[in-house]
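Chemist: Structure below; questions to follow.
No lab work stands behind these numbers, since they all come straight from the coordinates. Computed from a predicted model, the values in this text were never measured in an experiment. Ideal geometry is used to build each Cβ from the backbone, glycine not excepted, and the neighbour counts take in all protein chains shown.
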C-alpha cells in the first residue's frame, strides 16, 4: 500500500514538472539591439514600443534593459510577428526606423510605416533589419550580424523639420 502511494506521488510530481515546463515555454524571449544608422553603435534605451500580430496596442513594458545596453523582450506565446520602435528625450520623440525610412509617404505629416518581422525567424536564425537611412557604402562597412534569438535594427533621430511636426 505504501509503495502504491509512492508511485502515485511520483507520477503526480512528474506530471506537475511536465506541465510546469510546458507553461514556461509559452513565453518567447528575444534580445534587441538598436543601432545608430551611421555609426553602428548600440543605443541603450529602455523606451521601446512593441506591437505584436498587427495589433494597435503598444507594449512599452515588455522590454527590460540588460547591463550591456541591449534589451530583453519577453513575448507571449501567441506572438507571430513584431514591430519595434523606440523613443528618446523623455519619450517626446520617436526614433525613425531605418527599415522603413524610404517607405515614408509623400505626406510630410505621415510617419513611416511599421515593418513586421516573424518571431519564428528571429528565434531560429536572428534578424538584422535593413539600414535605409544612409548611403549604400555605410551599411556595407557596418557588417552587422544577428545571432539566433536576436533582433537588430537601425534608427536615426528626427531632423529639426520632422521633430517640429511630431
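Chemist: For region 25-103, evaluate the Debye formula with one uniform point scatterer on each Cα (no solvent term) and list log10 I(q)/I(0) at q = 0.13, 0.17, 0.19, 0.25 Å⁻¹, rounded to two decimals.
Modeler: -0.41, -0.70, -0.87, -1.37
Chemist: Here's something else I'd like to know. How large is Rg over Rh for region 27-165, taking Rg from the Cα atoms and Rh as the Kirkwood inverse mean of 1/r across Cα pairs?
Modeler: Answer for region 27-165: 0.94.
Chemist: Given a Förster distance of 22 angstrom, what is the FRET efficiency for residue 124 paired with residue 57, based on the Cβ-Cβ distance and rounded to 0.05?
Modeler: So, using R0 = 22 Å, E works out to roughly 0.30.
Chemist: Below 8 Å, C-alpha to C-alpha, sequence gap of six or more: please give me the relative contact order for region 27-165 in percent.
Modeler: So the answer I get is 29 percent.
Chemist: Continuing with the same structure: Could you check the spin-label model distance between residue 29 and residue 92? Points 7 Å from the Cα along Cα→Cβ, value in nm.
Modeler: For residue 29 paired with residue 92, the spin-label model returns 3.6 nm.
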